[in-house]
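Read through the structure below, which is laid out as structure tokens, and then see the notes.
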Amino acid sequence: MLSVAKVQRRNAWRYFVRGVAFGDGRRPARQALKDAQEMAGLPPGVWMGRGLAALGLTAGSVVTERQLELMYGELRHPDADRMERKLLDDGASPETARLATVLGQPIEEIEQRGQTPLLAVEFVFRAQASLIVLWALGDDHTRQVIERAHERAIATVLRWLEDEVAETRWSSGRQRAKAPALVVAAFRHFDNRDGFPLLHEHCLILNRVQRPDGSWYAIDTVRLYQHVVAAGTLYTLAMTTEVCEELGLATVPREVTPGLRPVMEIAGVDQELIDWSSTRRRRIEDELEGLTARYVAKHGRLPDERARHGLGWWAAQETRPDKKTPRPLAQLLAWWRASALLRFGKQMVEGLLERCRAAGAAIRARVSPRVDTALAAVDVAAIVFTVRRTFARRHVLAEARRHLLETLRGRAFEPGLDDSIADLALTRHSRQLTVPQKGRRAPSPDQLSYTADFAWPIRWWIAGTDGMPPRESSRYERARVASLALRNAIRAARTAPPARDEAPAAPASATGHTDDHNQNHDQEAAAPHAVDHPGRDAALTPAQRADAIQAHQQAAMPELLEGRTTDPLEGRTTDSETWMSSPTYLARIAALKLESDARGRAVAEQQRKHSGQPELSEQPAADAAGPADQQQHRPRPDQGSGPGRGR
């Protein structure tokens, strides 16, 4: 999970220098940062990024208070004091000596234009609640594995940002260049403001990068903000996969907010333990209930998804406690363990890791590390299109990483598989909207916009529970419906009996390859990473392998296949035919489904009259959308498609 904040001269940099570097605490006045950290038992900040060499710094070295003040308060070289003294000794004027230590445009020039200079962008990385519980209550080995995975996941995200995202711009954005070398100061914290466990890392990305000619310019922070979600999913995927592989664990989906994406938590961690560590969330939910009631009283309706997000942010700000006195990790661990033992007992606390390993072994026995990228691309494209309608590659890449996290359940995968799924979803199931224009700079691949021609699912209402009013289906729930329906249609088409003149599949050779005909068919149905697992049976057709993989992944949640689930939309491996026939599902939407269908028919009839199309009953039989047509994603006349069509 990843959150972002700005570090600006007039309101933020002193807070980060005095507070964040001191473990979310208040450093005593006139006390050196190093001395305060040692007295409190806090780890010092360290430098990260490829851009350190240009500043004479090394990765992993300690961040000093003076370096923080110079770089994040004045945008100057970390060794500016020595450089300035040397220039003064050589006869330079004070103003010239100071300007020689400035990185890029001086802050004074920015302020003279009436602008507030942006000094840095803060990325805060934190793990899922179940991983934090394991880290806080586990043994030393478990803690070391989680911390090492946390460090490597952050390093992976920073490398990805440097390689694929970071750019510098000048001439009011008309000129751009890649910036493969960032400068980052990282500070690790162990608890939240209530003193409960919360392993997280504050990474301050300096808003200056060096061009090949040696000059320093600002980062294109808009691009950083645009790729925050993709960076967050990469961190979660990398950290969760490494921990699960090292400790033999697996993940399960946990619904935090009804209608929104589930969080993949470690299987075997009880909900009571998660609630025990998530003290802030309970207060936020109570505050959010009051804010929602005031919103309804003011606007006369329930808040939509965007309004709910804003209300959640305000609830978090209103319930944010004051800073505390930081304590060493050893004291925190002892206090957390004593608190958990008093509340849950010795058996639950000391047997936590074994329960997680047992649950992980059961899931790993049923879920193999296999990914059918053909179906994954459909799933990713349908969900992104339904949620956003118009999207870019970063949105597809983030959804591909979520798909791997939900499908593999913590199993390792071949590097680059997320990019492969994203590229397949864009090339096969999306169409480009951005048109390059002559005389203008050609947009980079991640600046292109896309859409798709999937059927737009009709909205429905879901009955409220626990006294809550009914709510409209979320975009994510409608995306799940669209994705599952399309994947089932494609599976049906791919598993159809072959024509009589079709040659049977040739057996695999000793090297694991089939003949040219089957190899071309395999490339037609799946991407290069089609089925990523050792010793796959190459004698099976692509359709047979897809069915086997889907059945294997669904076996991890047998209760969903039997229709006993209370939430039919939980878990991405559920077959749509299962939950659509569930009595629970039918009871939730039957009352309003007729109204939704009537509204959809009215819209379709109105569109037909405007376009002059014949009645639906007069359409030729060849125009009916059968399984093969759905495989190519051609919309039916009564379905909206593409941007600008009615829902």
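The values are calculated or read from the model by the stated rules, or taken from the named source; none is laboratory data. Quick caveat: nothing in here was measured; it's all calculated off a predicted structure. Every residue, glycine as well, gets a Cβ built from its backbone with ideal geometry; the counts of neighbours run over all protein chains shown.
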*With respect to residue 387, is the statement that it is in the same structural domain as residue 144 (by TED's automatic domain parsing), surrounded by fewer than 22 Cβ atoms within 10 Å (Cβ to Cβ), β-branched (Val, Ile, Thr) and touching a residue at least 24 places away in the same chain (Cβ under 8 Å) true?*
no
*Subset of region 369-397 that is under 25 Å from residue 492 (Cβ atoms) and among the small types (Gly, Ala, Ser) - its residue that is modelled with the lowest pLDDT*: 374
*For region 162-198, enumerate the residues that are in contact with a Phe, Trp or Tyr (Cβ under 6 Å, 6 or more places away or on another chain) and surrounded by fewer than 20 Cβ atoms within 10 Å (Cβ to Cβ).*
170
*Which residue out of 364, 393, 370 is of a type in the set (Lys, Arg), out of contact with any Asp or Glu (no Cβ under 8 Å at 6 or more places or on another chain), closer than 30 Å to residue 484 by Cα and crowded, with 17+ Cβ neighbours inside 10 Å?*
364
_Could you check region 86-128 and list, in sequence order, the residues that are at negative phi, without any contact (Cβ under 8 Å) to a residue 40 or more places away in the chain and either assigned by TED's automatic domain parsing to the domain that holds residue 192 or not in a helix (DSSP H, G or I) (or both)?_
90, 92, 93, 100, 101, 102, 106, 113, 115
*Give 402, 411 a once-over and let me know the one that is assigned by TED's automatic domain parsing to the domain that holds residue 430, outside any helix (DSSP H, G or I) and either within 17 Å of residue 484 (Cα to Cα) or in contact with a Pro (Cβ under 6 Å, 6 or more places away or on another chain) (or both).*
411
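List the strands (runs of 3 or more DSSP E) that sit entirely inside region 197-279 and contain at least 3 residues that are under 30 Å from residue 70 (Cβ atoms), at pLDDT 90 or above and in contact with a helix residue (DSSP H, G or I) (Cβ under 7 Å, 6 or more places away or on another chain).
Values: elements: 197-206, 251-254, 263-266.
So the answer is 197-206.
Answer yes or no as to whether residue 251 is surrounded by fewer than 21 Cβ atoms within 10 Å (Cβ to Cβ) and of a type in the set (S, T, N, Q).
When the stated conditions are applied, residue 251 does not pass them.
Tell me whether region 63-78 contains one or more residues that are within 18 Å of residue 189 (Cα to Cα), not in a helix (DSSP H, G or I) and not polar (S, T, N, Q).
Scanning region 63-78 turns up at least one residue that is within 18 Å of residue 189 (Cα to Cα), not in a helix (DSSP H, G or I) and not polar (S, T, N, Q).
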*Of the residues that sit in region 462-481 and are at pLDDT 75 or above and of a type outside the set (Asp, Glu), which one is surrounded by the fewest Cβ atoms within 10 Å (Cβ to Cβ)?*
476
*What are the residue pairs meeting all of these: first residue in region 50-66, first residue at pLDDT below 90, second residue part of a helix (DSSP H, G or I), Cβ atoms under 6 Å, and 6 or more apart or on different chains?*
65/33
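Any chance you could count how many residues in region 65-79 are out of contact with any helix residue (DSSP H, G or I) (no Cβ under 7 Å at 6 or more places or on another chain) and buried (at least 17 other Cβ atoms within 10 Å of the Cβ)? Let's see the steps before the verdict.
Step one: list which residues in region 65-79 are out of contact with any helix residue (DSSP H, G or I) (no Cβ under 7 Å at 6 or more places or on another chain), which gives 66-67, 71, 79.
Next, only the ones that are buried (at least 17 other Cβ atoms within 10 Å of the Cβ) stay: 67, 71.
Total satisfying the criteria: 2.
Conditions tested, residue by residue: (1) modelled with pLDDT of 75 or more; (2) closer than 24 Å to residue 134 by Cα; (3) polar (S, T, N, Q).
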position	(1), (2), (3)
301	no, no, no
310	yes, no, no
317	no, no, yes
323	no, no, no
326	no, yes, no
337	yes, yes, no
346	yes, yes, no
350	yes, yes, no
*If only one of 422, 400 is more than 30 Å from residue 356 (Cβ to Cβ), modelled with pLDDT of 80 or more and of a type outside the set (S, T, N, Q), which one is it?*
422
